[in-house]
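Written below as structure tokens is the structure these notes are about.
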Amino acid sequence: MLQQGEPLTLHRHFQYHLQYAIPVEVYRGDVHVDIGVLTAVDASFAELQGTLYNRSLFTFISRPGF
């Protein structure tokens, strides 16, 4: 699917990371906000270990092997 360091842009990217518990890194602009495993996702939000992030305000980066 995605290589380490690539942004999750499509809903299927989020679904894949959720299904296989692949870690993601969350950024707001250039600022690192969080890292961990997705616990839920829909068209507008991604939940990372109990915290909701708006998918249009944050960038999600694939971090397999973290």
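The values are calculated or read from the model by the stated rules, or taken from the named source; none is laboratory data. Note that the structure is predicted; figures quoted are calculated from it, not measured. Here Cβ is always computed from backbone atoms with ideal geometry, including for glycine, and neighbour counts include all displayed protein chains. With ligands, DNA and RNA removed, areas are computed over all heavy atoms of the protein, side chains included. Shrake-Rupley method; radii C 1.70, N 1.55, O 1.52, S 1.80 Å.
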Quiz prompt | Loop sites in the stretch 1-64: chymotrypsin sites (Phe, Trp or Tyr not before Pro), DSSP, at most 12 other Cβ within 10 Å | solution = 20
Quiz item: With θ set to phi - 60° and the Karplus curve 6.51 cos²θ - 1.76 cosθ + 1.60, what are the ³J(HN,Hα) couplings of the stretch 18-35 in order, to the nearest whole Hz, using x for Gly and Pro?
Solution: 5, 4, 9, 6, 8, x, 10, 10, 10, 10, 10, x, 9, 9, 5, 10, 6, 8
Quiz prompt | ³J(HN,Hα), Karplus 6.51/-1.76/1.60, whole Hz, each residue of the stretch 50-62, x for Gly, Pro | solution = x, 10, 8, 10, 5, 5, 8, 9, 10, 10, 10, 10, 5
Quiz item: So how strong a dipole does the stretch 5-66 carry about its Cα centre when Lys and Arg Cβ are +1 and Asp and Glu Cβ are -1, to the nearest 20 debye?
Solution: 80
Quiz prompt | Residue-averaged 222 nm ellipticity for the chain, from DSSP H runs of 4+ at -39500 (n - 2.57), nearest 500 | solution = -4000 deg cm²/dmol
Quiz item: Using heavy-atom solvent-accessible surface (probe 1.4 Å) with all chains present, what is the largest-first order of 12, 28?
Solution: 12, 28
